[in-house]
Amino acid sequence: MAEGDVSAVGLVLSLSLVVIAIALSARESLRLERDIVVAVLRSVVQLLIVAVGLTLVIDEGTPLAWSWLWVAGIVLFAAATVSRRARAMPGVFVIGLAANATTASVALGLTFGLGVFPLEGRTLVPVAGMVIGNSMKSCVVVVQLLAEQVADKREEIEARLALGLTGSSAIRPFVRQALRLSISPLIENVRALGIVFLPGAMTGLILAGVDPLDAVFVQLALMYIILGAVALTASATALMGARRLFTADHRLIRLARSTRDA
Amino acid sequence: MTPALFSFERVTLDGDERPRLDDVSFEVPDRGVSAIAGPSGAGKSSLLRCCNRLEAPRSGIVRYHGEDAAARDPLAHRREVAMVFQRPVLFAGTVTDNLRVADPGASDERIAALLRRAALDEGFAARDAAALSGGEGQRVCLARALATDPHVLLMDEPTSSLDEETAGMLEALMRDLAAGGVPVVLVTHGEDQIARVADRVVRVDRGRITGVEELAGGAARARRRTTDHGSEGRDG
């Protein structure tokens, strides 16, 4: 077993912390026990499938097209997740798909076009996963916040419309707020890098025996790519989402119900 | 013959359970203060919102000066048909910031003039909008609505959250605006307020028009009363 490998026994033992989480949930009547068990089981099944798939896709003999196909699959899954988390927003699947696809194209194009990482299945799939995973989160936050603003700040938005402002102008203060809230956590993460926490990729590389300085370089490159990608996704989502909230004649639409569906 | 200010022709506006407006037809003339009265949920605010296109009817036509309002540029239409809402809705920033949302190029002199039209002295210009009282806030909203130089002013129960004295002041301002050539369409459910300020009243119930009354001598009566508004009762 190589340095940093986790044995099956080690994996099972790590579940002892999950048992603590279940016990705490039961003790405090949080009713999260079932959710925790399902989440753990899903993580095992999903990641095992991913491991098998990745082994095939990133094998040196496999054409790179399969890796790009994998990336397309991630984008589709991200759009479906955004859609599930903010059902009340009209056209949310298209928004999620367009925002994440745009971000993936720009971020991966720059990353591999500029040679930050060599373009191989071994780099493409994990980098795309991290970029789109973070972009998806910011997309969800922006869409949920925008839809909530329509409910909570309807009077203020309509007061602006009544003054002859366009829909996009009327909602601009709330778009800014949603963008700040979606991007700020990542800026905090970047600021706290190495002090408060050691990020996942770097930790994984160090555990796998890579020199810490090399691991830091990889991590920094990834964080910068992700920061740009999140800002891009949030902006694209806000732009498209804000448009969907108004009719062609600049009336604010009424959303069916709360957007925090999942 | 001069076309009506607003003319509703068989207008139906959908609602959650029943139509908010149900096959409504009536006219509002281009002068004075026209009140729209009725119980809560009758469709008064919906009528007003159709006037400045915050709502679009499912069927029927809303005409503005004889022209189909739906065929007009919605942004230009809203600047011409200004609206003051039930509760003062103030934006973040100072009073000047609020007025410049409506008129981004407004000079300090213009801001002062708009405040005076709403019975506020120019010292309010630099005040934080969030720190204003309800009455002051509503008058800032009026000044902000006037910043678009509207041809008509829609007011949706603008005095419902104000004390008697401030409400009286706002009523006097409505009369002044109407006398100065800016007709006012006022949603209210207060009969006393109608008697004080309105020249006519359109009565609404359950999304239908139940009557239109021209109040003989309404304006003169209102002028007399608004000079002494502090002694009048108010239920608007």
Original post:
In this structure, is B:Ser25 in a strand (DSSP E or B), of a type outside the set (A, V, I, L, M, F, W, C) and touching a residue at least 60 places away in the same chain (Cβ under 8 Å)?
Top reply: yes
Original post:
Looking at region A:146-157, is at least one residue under 30 Å from B:Ala145 (Cα atoms), within 14 Å of chain B (Cβ to nearest Cβ), at pLDDT 95 or above and surrounded by fewer than 16 Cβ atoms within 10 Å (Cβ to Cβ)?
Top reply: no
Original post:
How do the pairs read when you match residues in region A:169-192 that are within 14 Å of another protein chain (Cβ to nearest Cβ) with residues anywhere that are at pLDDT below 90, using Cβ under 6 Å and keeping only pairs 6 or more apart or on different chains?
Top reply: A:Phe174/A:Gln149
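The rows are residues; the columns are (1) within 14 Å of the chain's Cα centre (by Cα); (2) among the charged types (D, E, K, R).
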{"site": "A:Phe77", "(1), (2)": "yes, no"}
{"site": "A:Gly91", "(1), (2)": "no, no"}
{"site": "A:Val125", "(1), (2)": "no, no"}
{"site": "A:Glu155", "(1), (2)": "no, yes"}
{"site": "A:Ser169", "(1), (2)": "no, no"}
Subject >> Residues within region B:125-181 that are among the basic types (Lys, Arg) and within 14 Å of chain A (Cβ to nearest Cβ), tallied >> reply: 1
Original post:
Within region A:83-99, is there a residue that is buried (at least 19 other Cβ atoms within 10 Å of the Cβ), within 30 Å of B:Arg79 (Cβ to Cβ) and not acidic (Asp, Glu)?
Top reply: yes
Original post:
Within the bounds of region B:102-110, is there any residue that is without any contact (Cβ under 8 Å) to a residue 40 or more places away in the chain and within 11 Å of chain A (Cβ to nearest Cβ)?
Top reply: yes
**OP:** Test each condition in (1) in a loop (DSSP other than H, G, I, E, B); (2) touching a Phe, Trp or Tyr at 6+ places or on another chain (Cβ under 9 Å); (3) of a type in the set (Val, Ile, Thr) for A:Val6 and report the one that comes out false.
**Re:** (2)
**OP:** State all residues of region B:3-21 that are more than 14 Å from chain A (Cβ to nearest Cβ) and closer than 23 Å to B:Gly190 by Cα; if no residue qualifies, say none.
**Re:** B:Phe6, B:Leu21
Original post:
Only one of (1) outside any helix (DSSP H, G or I); (2) in contact with a Gly (Cβ under 9 Å, 6 or more places away or on another chain); (3) away from chain B (no Cβ under 14 Å) is not met by A:Ala215, so which one is it?
Top reply: (1)
Subject >> Selected residue [away from chain A (no Cβ under 14 Å), in contact (Cβ under 8 Å) with a residue 12 or more places away in the chain and touching a Gly at 6+ places or on another chain (Cβ under 7 Å)] from B:Gly43, B:Gly60, B:Gly32, B:Gly66 >> reply: B:Gly43
Subject >> Those residues of region B:53-109 which are among the aliphatic types (A, V, I, L, M), part of a strand (DSSP E or B) and surrounded by 19 or more Cβ atoms within 10 Å (Cβ to Cβ), in sequence order >> reply: B:Val62, B:Val81, B:Ala82, B:Met83, B:Val84
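Only one residue in A:Ala86, A:Ala80 is modelled with pLDDT of 90 or more and closer than 25 Å to A:Ala231 by Cβ, so which one is that?
Numbers: A:Ala86 fails: modelled with pLDDT of 90 or more.
Unique residue meeting the criteria: A:Ala80.
The values are calculated or read from the model by the stated rules, or taken from the named source; none is laboratory data. Just so you know, these numbers come straight off a predicted model, no measurement behind them. Reconstructed Cβ throughout: ideal geometry from the backbone, glycine too, with neighbour counts over all protein chains shown.
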